[in-house]
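The values are calculated or read from the model by the stated rules, or taken from the named source; none is laboratory data. As the structure is a computational prediction, the values presented were derived from the model and not from experiment. Note that we place each Cβ from the backbone using ideal geometry, even for glycine, and neighbour counts take in every protein chain shown.
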Amino acid sequence: MPELLEPQTIESTSRTKKNRKDWTKHYPRASLFELGVSPVEWTRLRKLCQVAKDRCVNTSCKAYAGYGGRGITFRFSTGSEMAEWILRNIGLRPSELHSIDRVDNNKGYEPNNLRWATRKEQNTNKKQYVCWAHGNRIRKLCDLRRDLCYETIRSWITQGMSDEEILKRAKTTSGRPRIRYSGLRPPK
């Protein structure tokens, strides 16, 4: 298990495509064969881990305020070390629908706090919003209607629907309206 590192912050070092020394081919200390991963899978996972590190330590990263700015730490020395830990302890990504998630959302990226999770699982592992009056109501309805996401229930509440109406309403799959005709419409 890697030793826990003290959180670090990168001051005003913007990453450009030409200046990404952490993005070059860093292979793990163990061979890829030993880890049971192809070079393509390794590179994808390592880049995912490097992006997680940037969110926590790079102050010029757009997502820094929601991660490093609120105290989320990155306790691995590099993205490659995190990727190697993931492969050894939780394995490869189960499907394209899964991404890395922190088990305890208030802790950082550290050993034993990472898992593969789908978007739906990650949405239930959100930071609790205290400022909105309907927050507890939405969480209660999310528990009762697992097929609906937080935003759907929130929008129905803002439309003035009661809890009973939300619980009885069928889930729509229409989403965005589809265009019936491609190109010009046929003449009438």
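Observations, loosely collected:
- Residues located in segment 71-95, provided they are part of a helix (DSSP H, G or I) and polar (S, T, N, Q): S80, N89
- Being outside the structural domain of I153 (by TED's automatic domain parsing), out of contact with any Cys (no Cβ under 8 Å at 6 or more places or on another chain), of a type in the set (S, T, N, Q) and over 24 Å from E151 (Cβ atoms) holds for only one residue in S80, S31, S99, and it is S31.
- Search result, residues across segment 107-125 that are more than 25 Å from L144 (Cβ to Cβ), outside any strand (DSSP E or B) and without any contact (Cβ under 8 Å) to a residue 40 or more places away in the chain: K107, N112, N113
- Residue in segment 12-26 that is within 21 Å of I90 (Cα to Cα), surrounded by 16 or more Cβ atoms within 10 Å (Cβ to Cβ) and either modelled with pLDDT under 80 or aromatic (F, W, Y) (or both) present: yes
- Enumeration of residues in segment 144-173 that are more than 16 Å from N123 (Cα to Cα) and among the basic types (K, R): K168, R169, K171
- Residue match in segment 58-66 (condition: at pLDDT 90 or above, assigned to a helix (DSSP H, G or I) and more than 17 Å from R88 (Cα to Cα)): yes
- Checking N113, N105, N136, N125 one by one, the residue that is closer than 30 Å to L45 by Cβ and at pLDDT below 85 is N125 and no other.
- Within segment 40-56, the set of residues being in contact with a Cys (Cβ under 7 Å, 6 or more places away or on another chain) and of a type in the set (S, T, N, Q) is empty.
- Residue within segment 154-172 that is β-branched (V, I, T), at pLDDT below 90 and surrounded by fewer than 11 Cβ atoms within 10 Å (Cβ to Cβ) present: yes
- Among residues of segment 85-110, those that are under 23 Å from R70 (Cα atoms) and surrounded by fewer than 16 Cβ atoms within 10 Å (Cβ to Cβ), counted: 6
- Condition check for T118: within 24 Å of the chain's Cα centre (by Cα), modelled with pLDDT under 85 and surrounded by 12 or more Cβ atoms within 10 Å (Cβ to Cβ): no
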